[in-house]
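In what follows, a single structure is set out as structure tokens and then discussed.
The values are calculated or read from the model by the stated rules, or taken from the named source; none is laboratory data. What you are looking at is a predicted structure, and each value in this text was computed from that prediction instead of being measured. Here Cβ is always computed from backbone atoms with ideal geometry, including for glycine, and neighbour counts include all displayed protein chains.
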Amino acid sequence: GGIRAALDTNFAPLSPGDFIGKWMSLIAPAAETVSSSTFMTATERQTALERISIRYSIANLRTFPCVSILEGKGKLTLHGAWFDISTGELWVMNKETGDFERPEL
């Protein structure tokens, strides 16, 4: 729902001050770029923004002092993952490139 709403050019957040409203504002610039991409289908645009939002969420988590401190000490590791409900496949974000790959089993 949130990603689809972000891609809707007529969408206005119900409450820009709450957690969801703040998260939506983080991805708004990417949503504008993705929604104007004419070379992708609507499904491809949604998938692209879902994956971008995971990257943004990881970066946002690192802005919290407790997260950055624990990550710096090696006591916390952040991982990004995307689950394709239509195929049942899990894709994991490569921490070096930010690309999503199927994990090796």
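Brief remarks follow.
- The stretch 43-54 residues that are part of a helix (DSSP H, G or I), paired with ones that are of a type in the set (D, E, K, R) (beta carbon under 7 Å, 6 or more apart): Q46/R4
- Residues located in the stretch 43-70, provided they are surrounded by 15 or more Cβ atoms within 10 Å (Cβ to Cβ) and more than 27 Å from R4 (Cα to Cα): V67
- Note on the stretch 53-88: residues that are more than 17 Å from the chain's Cα centre (by Cα) and charged (D, E, K, R) amount to 3.
- Complete set of residues in the stretch 89-105 that are surrounded by 13 or more Cβ atoms within 10 Å (Cβ to Cβ) and assigned to a loop (DSSP other than H, G, I, E, B): G98
- Residues that are farther than 17 Å from A48 by Cα and charged (D, E, K, R), drawn from the stretch 58-94: R62, E71, K73, K75
- Of all residues in the stretch 47-59, those satisfying the criterion of being of a type outside the set (D, E) and in contact with a helix residue (DSSP H, G or I) (Cβ under 6 Å, 6 or more places away or on another chain) are A48, L49, I52, S53, Y56.
- Flag for S86 being free of Cβ contacts under 8 Å to residues at least 12 places away in the same chain, within 22 Å of G2 (Cα to Cα) and either surrounded by 11 or more Cβ atoms within 10 Å (Cβ to Cβ) or out of contact with any Gly (no Cβ under 6 Å at 6 or more places or on another chain) (or both): yes
- Residue list for the stretch 1-42, restricted to those being in a loop (DSSP other than H, G, I, E, B) and at pLDDT 70 or above: G1, D8, S36, S37, T38, F39, M40, T41
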